[in-house]
Amino acid sequence: MIEDFATRLDEAATTRTPCAQLSAGHDLSLDDAYAVQRELAGRRLARGEREYGVKLGFTSKTKAAQMGVSDVIIGRLTSGMVLADGDELDLGGFLHPRCEPEVAFRLGEDTGHGPVVEAVAPAVEVIDSRYRDFKFSLADVVADNTSAAAVVLGPWRSPAAGLDNRGVLLEVDGRLACAGSTAAILGDPLRAIPAAVRLARRYGIPLPAGTVLLAGAATPAVALRAGTHVSATVSGLGRARFSVTPGQGGQR
Ligand code: OOG
Ligand code: MG
């Protein structure tokens, strides 16, 4: 069952054809859903990608309300999802992608009290549900690797104090699309670290030194359109940018 579900989601992504929710025909437990996610990550690694990091979902109440779910979840980021700052994102590789502004941490060694934070960066995450109409239950979205699709990071800086209430702007073609505060992320994005450690332990996800952690969106997500320029700014951290092209690219 786990492998069949992974195949369904994998094919939806590679053929850009949204599929039905897994929970529509089955009782999908959260443990099963994380097993599907693990299988999908394993297939990406078998195709030559490398582990890049992890992401949290629904650390913001607004975001959770937008999607109709409530618990914090974790997903996997692999090298094929990563764009360089300022790069072009080929819309042809996605189904119905959306973007959201985030804060990223680079984790160091775990000295026994959880991993140290080596650096922090502004980020934009591209999410792209493999489900029809971008609709899912909590277990569905966990199985679908928390809609992870692409990520762009701005410049790394040394970890700053007072990350708990920084302004966050998402701009499309220089026009404000969403505004928020890092306070939306669990009250303080630094809380993403113990949350990620807890979920990673529980579901057997490695967090080696160098892992990039996306703390979760600070605003609702915005649909991506070809020909636009997207920029996310976190006050005091700088910005991350990319432009969207209408090509026919491969899977990210
Ligand atoms: C799931 C991913 C949620 C976040 O930052 O909260 C997420 C989705 O909304 O499709 O990445
Ligand atoms: Mg996100």
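In angstroms, what radius of gyration and Dmax does region 117-252 have, counting Cα atoms only?
Here Rg and the maximum Cα pair distance are 15.5, 43 Å.
What does region 187-252 give for Rg and for Dmax, in Å, if only its C-alpha atoms count?
Values for region 187-252 (Cα only, Rg and Dmax): 15.9, 41 Å.
Rounding to the nearest 20 debye, state how big the charge dipole of the chain is about its Cα centre with +1 on each Lys and Arg Cβ and -1 on each Asp and Glu Cβ.
320
What nm value, rounded to one decimal, do you get for the distance between residue 29 and residue 135 when each label is placed 7 Å out toward the C-beta?
So the label points at residue 29 and residue 135 sit 2.8 nm apart.
Full-extension gain between residue 110 and residue 202, please, as 0.36 nm times their residue separation minus the C-alpha to C-alpha distance.
31.5 nm
Normalised radius of gyration for the chain, please: alpha carbon Rg relative to 2.2 N^0.38 Å, two decimal places.
Output field value: 0.93.
Assuming 0.36 nm per residue, please report the length gained on full extension of the stretch residue 16 to residue 70 beyond their Cα-Cα distance.
16.7 nm
Please get the size of the charge dipole for region 33-119, origin at its Cα centre, with Cβ charges of +1 on Lys and Arg and -1 on Asp and Glu, quoted in debye to the nearest 20.
Dipole of region 33-119, to the nearest 20 debye: 380 debye.
Compare the Cα positions of 26, 218, 83 along the charge dipole of the chain (+1 at Cβ of Lys, Arg; -1 at Cβ of Asp, Glu; about the Cα centre) and return the one farthest towards the positive end.
Highest projection toward the positive end goes to 218.
Once the piece of chain linking residue 158 and residue 183 is laid out straight, how much longer is it, given 0.36 nm per residue of separation minus the C-alpha distance between them?
7.0 nm
Over region 5-111, with a single point scatterer placed on each C-alpha, what log10 of the ratio I(q)/I(0) does the Debye formula yield at q = 0.11 1/Å?
Scattering profile of region 5-111, log10 relative to I(0): -0.43.
Just so you know, all these numbers are worked out from the coordinates, no wet-lab data involved. Quick caveat: nothing in here was measured; it's all calculated off a predicted structure. Quick reminder, even Gly has a Cβ in these numbers, built from the backbone with ideal geometry, and neighbours come from all protein chains shown.
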